[in-house]
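Trainee: Before I ask anything, let me first share the structure, which is written out below as structure tokens.
The values are calculated or read from the model by the stated rules, or taken from the named source; none is laboratory data. From a predicted model like this one, the values you see are computed outputs, not experimental measurements. We place every Cβ from the backbone using ideal geometry, glycine too, and count neighbours over all the protein chains shown. Accessible surface areas use protein heavy atoms only, side chains included; no ligands, DNA or RNA. Shrake-Rupley method; radii C 1.70, N 1.55, O 1.52, S 1.80 Å.
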Amino acid sequence: MKRICIINGPNLDRLGKREPSIYGDQTLTDLENLLTEEADELGLDVQFYQSNHEGFIIDKIGEFSDSEIFGLIINPG
């Protein structure tokens, strides 16, 4: 099964909590669940990572790059 990795950057862990009247009430977990359902329908495995620290994100990109992945999506926040 092909694996796609999705990295979310700073403050995206605050989705649904910070100013929901502007950003909506869906949390990052809600969005991850939706993406997991879509990936399952497409026969893909999806892995998520979120950090508020840019250096940790760069380290994770390196880790993902060293593994067998089909794609990498980054939402830098």
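Trainee: What distance in nm lies between label points placed 7 Å from Cα along the C-beta direction at residue 40 and residue 14?
Mentor: Taking the two extended label points, one gets 3.2 nm.
Trainee: Right, another one. On average, how much accessible surface per residue is there in the chain, in Å², for a 1.4 Å probe, leaving out ligands, DNA and RNA?
Mentor: 69 Å²
Trainee: How big is the dipole moment of the chain about its Cα centre under a simple scheme where the beta carbon of each Lys and Arg is +1, that of each Asp and Glu is -1, and everything else is neutral? Debye, nearest 20, please.
Mentor: Details: 6 positive and 15 negative charges, 52 e Å.
Result for the chain is approximately 240 debye, rounded to the nearest 20.
Trainee: Right, something else. Loop only by DSSP, 15 or fewer other Cβ within 10 Å of the Cβ. Give me the chymotrypsin sites (Phe, Trp or Tyr not before Pro) in the range 46-77 that pass, ordered by residue number.
Mentor: 70
Trainee: Once the Cα atoms of the chain are picked out, what are the Rg and Dmax in Å?
Mentor: Looking at the chain, its Cα Rg and Dmax stand at 13.2, 40 Å.
Trainee: Next question. Carbon and sulfur together cover what percent of the accessible area of the range 1-64 at a 1.4 Å probe radius?
Mentor: 51 percent
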